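Since the structure comes first, as structure tokens, the remarks are kept for the end.
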């Protein structure tokens, strides 16, 4: 069977109302399914799916009073793992360079801290964070891939900030195995 891309990406949040507001009113994603799931052992999970385009969804779960699930944890993924914010991130397709610039202006107008447009040579991107601390990206391809692109080699250099790794100096080293 041929791959058809992602169905959805599942993430966690401690505040589903704030997350819903951001994804609907800031990013403009339409909620397509929302559930309250009572858990037999106690508590409930609220679960929401947003359509990000091309029938691909992003989903968030929020547990309330569910045994064994802590009331507080780092839903931003990277800090909990002790890696810079750029390591685990999600990129949405902007479509065109003009649309990427428009999206950047729109996010800034809505009070979101957004990077400059970063030119990766094969794509251009902007980076920002959602209310959970998850790094997000809007990206657009600027050319088709070539066979040479698949070969691992140094092609450009970039600053920590440009790579979304400017928080690396604040990380604590993990214990050695």
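We did not get these values from a lab; they are worked out from the coordinates using the rules stated. Quick caveat, the model's predicted, so the values are computed rather than measured. Note: ideal-geometry Cβ built from the backbone for every residue, glycine included; neighbour counts use all protein chains shown.
Brief remarks follow.
- Nearest 10 degrees, 0 to 90: helix 97-109 Cα axis against the chain principal axis: 50
- Fraction of beta bridges assigned by DSSP in the chain that are antiparallel (%, nearest 5): 70
- Computed over the chain, the per-residue total of -39500 (n - 2.57) for DSSP H runs of n ≥ 4 gives a 222 nm mean residue ellipticity of -3500 deg cm²/dmol, rounded to 500.
- Considering only beta bridges that DSSP places wholly inside segment 85-146, some 65 percent are antiparallel.
- Inter-probe distance in nm under a simple model that places probes 7 Å from Cα toward Cβ, at residue 96 and residue 41: 5.2
- Secondary structure note: in segment 8-64, about 75% of the DSSP beta bridges are antiparallel.
- Inter-centroid distance (Cα atoms) of segment 1-57 relative to segment 127-144, Å: 18
- For q = 0.09, 0.18 Å⁻¹, Debye-computed log10 I/I(0) when each Cα of the chain counts as one equal scatterer: -0.39, -1.33
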